Amino acid sequence: MSTHPADSSPDNTVYSDHTRPGKYRKSMIKDGILSMKIPLLNILYIQAEHVYVRIHLRNRQSILHRSSLTKVWEELQCRYFLRVHRSYVVNLRAVTYFTSSYVMIGKKKIAIGRAFRAEAIAVLSRWGDEE
């Protein structure tokens, strides 16, 4: 997926810029008339909140965005992000450690859902080898 200019994109959309090298990639968050470019490296995890998603950032701030987690996940598609629960997508580079039932990002414990467990454990187990 490519980055779209903010003035031609529909409201409430996330665009991921896959033309940039890994750590410099950014995601465009557009919500109505407000647009922000967020380096993907700065995103710790994304949490579903009913009809919104909350994007948690490294600087301890968060952004509330009107969209479904599934839509954001599909538009974000980046090897550094993993869906671990129906309510969470995590940045693999931010994971401190994991068990078969949860991942830790700093002091935040995020459950791994049963439906996502097999893939999550497989990806997390080989993550250190790939990076």
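Would you pull out the residues with amide H under 5 Å of residue 102's amide H, same chain only if 5 or more places away, H placed 1.01 Å from N?
112
Take 37, 108 and order them by how many other Cβ atoms sit within 10 Å, fewest up front. Kindly include the intermediate steps, with their values, before the conclusion.
Numbers: 37 12, 108 16.
Listing 37, 108 from fewest to most nearby Cβ atoms yields 37, 108.
How much length would be gained if the chain were fully extended between residue 102 and residue 126, taking 0.36 nm per residue of separation minus their Cα-Cα distance, in nm to one decimal?
Computed gain between residue 102 and residue 126 is 7.0 nm.
What is the distance, in nm, between label points placed 7 Å from the Cα along the Cα-to-Cβ direction at residue 111 and at residue 57?
2.9 nm
No value in this document is a laboratory result; all are computed from the given coordinates. Note that the coordinates shown come from a computational prediction; the quantities given were computed from them, not determined experimentally. FYI the Cβ positions are ideal-geometry reconstructions off the backbone, even for glycines, and counts take in every protein chain you see.
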